[in-house]
């Protein structure tokens, strides 16, 4: 099977999934139509030759270019976990060779997928620890209204912990944790503890995310999950 046919077979098996192939210079050499929705590019061919720095905010672009180069250099799969518009996403980086006749032509296949909390834990179990990277840069969406401490509490709520357990972990009183929970509900317009837990699980929020850099990614495309630039 030719390289192009193989890529289309992968795309068909992962329907409605954004998939890119980057070369060693971090340039797009192939992508699925789903990649264009986020960036407002009508024709996938118009994305060819672009680098992450042409499409993404600086901190995200640098992080992804470093992962592409590492995937190609080490010739092994990697995984990047991050939050986009308040929802956890995962990019799988897979080393590929598109030209069997040229052993020096190495590429990285990138697959963007949603990742709930169960999948995050599964990835951490199944992949070597040094191949799973948790981004330090997030677009928290509505969660951006929360303080770092509130994000920690929300993450632990999402893990199913009670206020007493969270208080012990964070070395705070139970009343302090309850106060954080009430303020989170007010900021997010959620009165029910179950709604907060659902929100935390949707983001697959981790305690480590609380101190990460915050950015706001505005889409120029038609993806309904992303805020549009005015």
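Read the figures in this text as sums done on the coordinates, not as results from a lab. Note that the structure is predicted; figures quoted are calculated from it, not measured. Cβ coordinates were reconstructed from backbone atoms using ideal geometry, including for glycine residues, and neighbour counts include every protein chain displayed.
Using a ≥ b ≥ c from the Cα gyration tensor of region 3-138 (square roots of the eigenvalues), is it rounded, prolate or oblate, where a/c under 1.5 gives rounded and otherwise the larger of a/b and b/c decides, a/b for prolate? Rounded shape, in that the Cα axes give a/c under 1.5.
Counting neighbouring Cβ atoms within 10 Å and putting the fewest first, the residues 89, 187 line up as 187, 89. Ordered by the number of other Cβ atoms lying within 10 Å of each residue's own Cβ, fewest first, 217, 93 fall into the sequence 217, 93. Under the simplified labelling scheme, the residue 171-residue 105 pair shows an inter-label distance of 5.7 nm, with each label point 7 Å from Cα along Cα→Cβ. Under the criterion of Cα pairs below 8 Å and six or more residues apart, the relative contact order for region 3-138 equals 24 percent. Length available on full extension from residue 215 to residue 24: 0.36 nm per residue minus the Cα-Cα distance, which gives 66.1 nm.
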